1. Test of understanding: among C:PHE289, C:PHE285, C:PHE234, C:PHE258, which residue is more than 21 Å from C:SER36 (Cβ to Cβ) and more than 16 Å from the chain's Cα centre (by Cα)?
2. What about D:LYS31, is it at pLDDT below 95 and either at negative phi or within 7 Å of another protein chain (Cβ to nearest Cβ) (or both)?
3. Can you tell me which residue in region C:254-278 is surrounded by the most Cβ atoms within 10 Å (Cβ to Cβ), limited to those that are of a type in the set (D, E, K, R), at the interface with another protein chain (Cβ under 9 Å from one of its Cβ atoms) and not in a helix (DSSP H, G or I)?
4. Might you check whether a residue that is farther than 29 Å from A:LEU158 by Cα, within 12 Å of another protein chain (Cβ to nearest Cβ) and either touching a residue at least 40 places away in the same chain (Cβ under 8 Å) or among the hydroxyl-bearing types (Ser, Thr, Tyr) (or both) occurs anywhere in region A:100-108?
5. May I ask you to list the residues in region C:189-199 that are surrounded by fewer than 24 Cβ atoms within 10 Å (Cβ to Cβ) and at the interface with chain D (Cβ under 7 Å from one of its Cβ atoms)?
6. Here is a list: D:ILE181, D:ILE249, D:ILE224, D:ILE165. Which entry is within 18 Å of C:SER231 (Cβ to Cβ) and either of a type in the set (Ser, Thr, Tyr) or in contact (Cβ under 8 Å) with a residue 60 or more places away in the chain (or both)?
7. Show the residue pairs that are 6+ apart or on different chains and have beta-carbon atoms under 6 Å apart, the first residue being within region A:133-144 and over 13 Å from A:ASN201 (Cβ atoms), the second being of a type outside the set (Lys, Arg).
Protein chains: 4
Amino acid sequence: MDKIKSVKVSKDMKVSMLVENLKEAGFGARKIGIASEIMKKMFFGDECGIFLGIAGAMVPAGMKDIILDMIKSGKINVLVITGANLTHDLVEALGEFHYHCDSWDDQEFHEKGFDRMYNVLMKNEVYEKIEKFFEENWQRFHESKNITGFLKKIGELLPEGNNSILRVCYEKNIPIFCPGISDSGIGLMVWGRLASGKKLNIDVFDDLKEIIDITWTSKKKGVIYVGGGTSKNFIQQALQFSEGADYGIQITTDRPEFGGSSGAPLEEGISWGKLKTSAKKEEDFVDIFCDATIALPLLWAAVKK
Amino acid sequence: MDKIKSVKVSKDMKVSMLVENLKEAGFGARKIGIASEIMKKMFFGDECGIFLGIAGAMVPAGMKDIILDMIKSGKINVLVITGANLTHDLVEALGEFHYHCDSWDDQEFHEKGFDRMYNVLMKNEVYEKIEKFFEENWQRFHESKNITGFLKKIGELLPEGNNSILRVCYEKNIPIFCPGISDSGIGLMVWGRLASGKKLNIDVFDDLKEIIDITWTSKKKGVIYVGGGTSKNFIQQALQFSEGADYGIQITTDRPEFGGSSGAPLEEGISWGKLKTSAKKEEDFVDIFCDATIALPLLWAAVKK
Amino acid sequence: MDKIKSVKVSKDMKVSMLVENLKEAGFGARKIGIASEIMKKMFFGDECGIFLGIAGAMVPAGMKDIILDMIKSGKINVLVITGANLTHDLVEALGEFHYHCDSWDDQEFHEKGFDRMYNVLMKNEVYEKIEKFFEENWQRFHESKNITGFLKKIGELLPEGNNSILRVCYEKNIPIFCPGISDSGIGLMVWGRLASGKKLNIDVFDDLKEIIDITWTSKKKGVIYVGGGTSKNFIQQALQFSEGADYGIQITTDRPEFGGSSGAPLEEGISWGKLKTSAKKEEDFVDIFCDATIALPLLWAAVKK
Amino acid sequence: MDKIKSVKVSKDMKVSMLVENLKEAGFGARKIGIASEIMKKMFFGDECGIFLGIAGAMVPAGMKDIILDMIKSGKINVLVITGANLTHDLVEALGEFHYHCDSWDDQEFHEKGFDRMYNVLMKNEVYEKIEKFFEENWQRFHESKNITGFLKKIGELLPEGNNSILRVCYEKNIPIFCPGISDSGIGLMVWGRLASGKKLNIDVFDDLKEIIDITWTSKKKGVIYVGGGTSKNFIQQALQFSEGADYGIQITTDRPEFGGSSGAPLEEGISWGKLKTSAKKEEDFVDIFCDATIALPLLWAAVKK
């Protein structure tokens, strides 16, 4: 049995050193430390492909560059992400911003045209830019037959070098899956065109072939879930058809007892075949119960090379 | 200022009386009481159409008949629900079951072919029945052009009087929206057919027209969110294009500070135009922080006529 | 393996019937059902003494009469409760009230003399009545040598038949333990007298003898924890010296992974000897993850005879 | 309005730089950044005295050295801490340890003599060392008349330079308050002596004079709450008698809506007079919703000089 070591902190300490220290502590600190070790196995070990699932408004909250870092590592097999995050990514890709708000009056925001996500604001007028983007490029989307293709097309239409998830995934040829794409600002902008009589035909089921195929391409598979929802579940269900994941990290604030997928611990996935029966708790997979905007930067700053 | 009254409980007390008492108490008890009043305005007031969003594994957890009760009330304009719930609904519609498990060994469950959702189990072999259902009826789905149509078709194919959400919505002509349908067992069964070379073409964006149209049909609009995710958000975004909801009840265990849609209080929707600026907190809308399998039966047993 | 049964709700349904139904469902609903069965074993089984721990502002929130019901059952061996709850109990015992507030402006409340506990208010001026109570009765407290005795004396000084926890426990001769009594409005009122030069000598450790003695008096022991904190822990540590509890119900909104006592599941107590190794999960003990102002009335209305 | 900036992470990044970046992000990340600024005002600004409240098993979880760092800064006016933490501090002071456990079988731990706190273990036999400590030094405690004095005496009896909270506070002459001291292993060891007929007389209310006096000694007052419970509340109630705190940081995983003190946001304290009405949200005070074993090391490593 290993002793707990009290975390020692020093001025000018590096994040990597802090996280190493946390591994020697208890409760959630230890899980951060363990997750950093598992993350290293995923990103720097041989032959591991990563399935990255992102839910929650991570782009508005300033997590975009960390996600981009991961994508640029060349180790991400697939990105599954919510339509909301892609909408906010497109908002920023088109030159718009998100803003801080440390206190709020929602009626006032409504009058002034701001949309609130807890302590983050977006101007309602950003929709005009997205609308213009789709209006001007509408014909180009006829080449897309499924959601992945549709999202790849958006990336293709953005300028080269644009610092966005949509563009970087296009340039790196990493497929973006977004099963609930219609549930987003992007969906609404498409609706606008459809409502005006324009046509588009994007199939909802077609992507399943691609993601399930990809589960067979890596010798080892790691999953990283930031939040739950469809982003997690779409990866989980695809893994059922392979032999399950070898490694896993889940950052969630939801909990098991209410029975939803977002709060289900990775271990539960063993029963379904989503995680290998050989995967060891706190060694190959770990659940972190923490605000992802805190845990993810901390982990990535400790692991990034 | 009104006084708190201590909750008094008696043998053989009716649920409706208990909930009336809870309204006089504080903390979450009061919110249950307030929600029951708002629910009465929605279900029994004039000219209110209800937008019901269901996330979390409510069907496996035994909430199906309450959802069916609501649907049969004739007051539900639309149901937005996760693909997982529809899969479990279909599982039961085809004669299979869910089971209790009060303790667990996920490796053992995996070997024995059980899939676990916290303290609920499903036999993995149920997929065979769903597969057979789709295999046998595959041609019929060619008539469906969008997700709503696809789900309506499933309902049509089930036997008359079948006690399932899919069937009852079909019989009552209530549209079911499920933006993330591919993220579910139903999606996987469709994938199986596609993988074997069969064809299907269900459009992902087309449904937006219908749900946004419906936001204009009721004089008053009420939203009931059980959990968050796409089920909540798909309704919320549709409401942005009408004048917003008049009434709202949200049952969630998520919290605002982590910034996700599932934890966002209804009030935040005022900034977006999803809730009317005239809607009054704790009078027209209320957020309940509780396991939905506790709060929903308690509320419905108090409100049902 | 037992099948999940969908919860069926009917107009005029009794709470007891609803809770029986919940037992057949999953997630938290099942736990409510299980808890009602365990509660029946505690209250109506032979030879079981109950250790009731109450934390959180249950009295201001209107849970007083349910606690009184339990006390009057004659089955409660000891009550361990926070000083805050006892202060609020005394406030009501002296004729003051708590009030609803469904929205808030804390600066305004401060100016107007209201103290807020989420959606419950108390007038700051109630302290004058408590101060007067202690001022007038100060001499009487010299007879008290420990906290239990001090609290019993308060009960003795209240009018016969007064509907308060302090009085009813006095009349029923049930000891009230409150290890952190100085951390409360009652503590502050005592401080006021001490600051003016008056004397009192209440020993802090003396009560341990009595509560540990009582753990030996019942053939069977059940624990009911509403919230955690010192109220739970003071019972837990006393049980370590007996053979541990036979039955347990814990209602908490805290969770295990953060390592605090309030979130620790009852099962963890087996390692410490606080719960018997023979106690069976979901049969003899259960953890309910729910706002106690919802779960406690629901349970008690189902169990009360 | 300030723009959100995406967090940028680099290899070998310092914690202080990461936390500066987090301040530019949203959700909880921003709160960490804000808290680091407030913490700097408390520790390095002029004339601010800090009231530090510690709940949850922070010592077993390896947070002791961070707490010691803070104490040694010379800026801590008072430490209010749970009896459990002091017991674990004494355990380590006497040469014993805490251990990791990443999976568990509580029945096995019970047989082998290990007590579990989530993923941290303690040997049951440590109690023998504490017992011996009190047995051998019993006479010395007769000099102590209140809890603060009793705890100071423990510190005095430990060897010079001992790396423990009890000893360092003694050496630095910082009073430790622990209203619920009897609710702890230390309490149990005292009970052992009392049960064998030995005498001790430690008054429960006497400490209130000292802590309330101290609220008057600093020109400015800052509060830091790690967890809630009596540790937070004992400081909060003392502040009511001064003009309230100027600065505040609360790290908790509890939430407001259930009405307990541990989840109450600092802002609620304005109504009570515990926080100054002039204190500005997200500038002078902030609530962090995070596992303290993650947030506290992150903050302290960013702030420490």
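The values are calculated or read from the model by the stated rules, or taken from the named source; none is laboratory data. Owing to the predicted nature of the structure, the values given are computational and were not obtained by experimental measurement. Using ideal geometry, Cβ is built from the backbone for each residue, glycine included, and neighbour counts are taken over all protein chains shown.
1. C:PHE258 is the lone residue from the list that is more than 21 Å from C:SER36 (Cβ to Cβ) and more than 16 Å from the chain's Cα centre (by Cα).
2. no
3. Here is the first cut: in region C:254-278, the ones of a type in the set (D, E, K, R) are C:254-255, C:257, C:267-268, C:274, C:276.
Then keep just the ones that are at the interface with another protein chain (Cβ under 9 Å from one of its Cβ atoms); that gives C:254-255, C:257, C:267-268.
From what's left, not in a helix (DSSP H, G or I): C:254-255, C:267.
Details: C:ASP254: 25, C:ARG255: 21, C:GLU267: 19.
The qualifying residue surrounded by the most Cβ atoms within 10 Å (Cβ to Cβ) is C:ASP254.
4. Among the residues of region A:100-108, at least one is farther than 29 Å from A:LEU158 by Cα, within 12 Å of another protein chain (Cβ to nearest Cβ) and either touching a residue at least 40 places away in the same chain (Cβ under 8 Å) or among the hydroxyl-bearing types (Ser, Thr, Tyr) (or both), which makes the answer yes.
5. At the first step, the residues of region C:189-199 found to be surrounded by fewer than 24 Cβ atoms within 10 Å (Cβ to Cβ) are C:189, C:191-199.
Once the filter is applied, which keeps residues that are surrounded by fewer than 24 Cβ atoms within 10 Å (Cβ to Cβ) and at the interface with chain D (Cβ under 7 Å from one of its Cβ atoms), region C:189-199 yields C:TRP191, C:LEU194, C:ALA195.
6. Going through D:ILE181, D:ILE249, D:ILE224, D:ILE165 in turn, just one is within 18 Å of C:SER231 (Cβ to Cβ) and either of a type in the set (Ser, Thr, Tyr) or in contact (Cβ under 8 Å) with a residue 60 or more places away in the chain (or both): D:ILE181.
7. Pairs that qualify, where the first residue is over 13 Å from A:ASN201 (Cβ atoms) and the partner is of a type outside the set (Lys, Arg), are A:PHE134/A:MET189; A:ASN137/A:LEU157.
Condition check ((1) surrounded by fewer than 19 Cβ atoms within 10 Å (Cβ to Cβ); (2) free of Cβ contacts under 8 Å to residues at least 40 places away in the same chain; (3) closer than 28 Å to C:GLY62 by Cβ) across all residues:
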site: B:SER6; (1), (2), (3): no, yes, yes
site: B:GLY28; (1), (2), (3): no, no, yes
site: B:ILE38; (1), (2), (3): no, no, yes
site: B:LYS41; (1), (2), (3): yes, no, yes
site: B:ILE81; (1), (2), (3): no, no, no
site: B:HIS98; (1), (2), (3): no, yes, no
